[in-house]
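Have a look at the structure below before the remarks.
The values are calculated or read from the model by the stated rules, or taken from the named source; none is laboratory data. From a predicted model like this one, the values you see are computed outputs, not experimental measurements. Cβ placement follows ideal geometry from the backbone for every residue including glycine, while neighbour counts extend to all protein chains displayed. Side chains are part of the model used for accessible areas, which takes the heavy atoms of the whole protein and leaves out ligands, DNA and RNA. Shrake-Rupley method; radii C 1.70, N 1.55, O 1.52, S 1.80 Å.
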Amino acid sequence: MIFAMPLLLPALLMSASLEAPSAAAAPTPAGSEKLCGWVVNPTPGNYWLVDRQTRWNTGWLISSQGGYQARGMDAMPDMTTLGQVKTNGNYGYSCGCLTARLDRRNRQITRIYSAEPLPLAQCRRDRRLPQPPRRP
């Protein structure tokens with residue numbers, strides 16, 4: 001028994017140091033909100049998010065070609081990886097969530113802290129989310 005203890009302690013210390021911190025431990029930045037819905041990218045440089053608080057044509061502005069761009073957008077992942085409805089060549093809309101800071105008065109996302117693509121089916125199933133306009 002005396003010999004087992006010295007071997008056990010290094011093994012315990014080694015296994016504890018290999019554990020990665022959990023993603024759930026990351027705090028949400030103060031003043032941020034999580035918004036989920038349609039991530040619309042109809043043309044180059046133009047993005048907005050349509051969630052339960054908005055309508056299809058009055059979503060949260062993320063960027064406007066040649067103009068406004070939310071901080072953190074350059075680090076946003078490809079939101080089309082789990083599906084995209086193409087409406088204009090390679091442009092269209094997808095489904096996702098953003099953790100962001102908002103300017104409610106101007107209906108803009110001012111800072112993106114994180115973004116996560118979701119399957120299109122998730123937005124389609126959400127009855128409280130405005131559905132995309134029907135294409136002719």
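Brief remarks follow.
- Selection count where residues are open to solvent by 90 Å² or more (accessible area, probe 1.4 Å) and either not polar (S, T, N, Q) or not in a loop (DSSP other than H, G, I, E, B) (or both), scope segment 90-100: 0
- On the stretch given as segment 78-89, residues that are outside any strand (DSSP E or B) and farther than 19 Å from Ala121 by Cβ total 1.
- Among the conditions (1) out of contact with any helix residue (DSSP H, G or I) (no Cβ under 9 Å at 6 or more places or on another chain); (2) hydrophobic (A, V, I, L, M, F, W, C); (3) open to solvent by less than 40 Å² (accessible area, probe 1.4 Å); (4) outside any loop (DSSP other than H, G, I, E, B), Trp48 misses just one, which is (3).
- In segment 65-79, the residues that are farther than 16 Å from Thr110 by Cβ and open to solvent by 60 Å² or more (accessible area, probe 1.4 Å): Gln65, Gly66, Asp78
Conditions (1) hydrophobic (A, V, I, L, M, F, W, C); (2) under 20 Å from Pro133 (Cα atoms), marked per residue:
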position: Val40; (1), (2): yes, yes
position: Thr43; (1), (2): no, yes
position: Trp48; (1), (2): yes, yes
position: Trp60; (1), (2): yes, yes
position: Gln65; (1), (2): no, no
position: Thr81; (1), (2): no, no
position: Gly89; (1), (2): no, yes
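- Restricting attention to segment 101-136, the residues that are surrounded by 14 or more Cβ atoms within 10 Å (Cβ to Cβ) and of a type in the set (S, T, N, Q) add up to 4.
- A count restricted to segment 24-45 and to residues that are surrounded by fewer than 16 Cβ atoms within 10 Å (Cβ to Cβ) and part of a loop (DSSP other than H, G, I, E, B) stands at 8.
- Among the residues of segment 64-77, those identified as touching a residue at least 12 places away in the same chain (Cβ under 8 Å) and either in a loop (DSSP other than H, G, I, E, B) or under 12 Å from Pro42 (Cβ atoms) (or both) are Ser64, Gln65, Gly66, Tyr68, Ala70, Gly72, Met76, Pro77.
- Taking the conditions (1) within 20 Å of Gly31 (Cα to Cα); (2) out of contact with any Leu (no Cβ under 8 Å at 6 or more places or on another chain); (3) surrounded by 20 or more Cβ atoms within 10 Å (Cβ to Cβ); (4) not aromatic (Phe, Trp, Tyr) in turn, Ile62 satisfies each one other than (2).
- Number of the condition not met by Leu82 [criteria: (1) within 15 Å of the chain's Cα centre (by Cα); (2) open to solvent by 20 Å² or more (accessible area, probe 1.4 Å); (3) under 16 Å from Tyr47 (Cβ atoms)]: (3)
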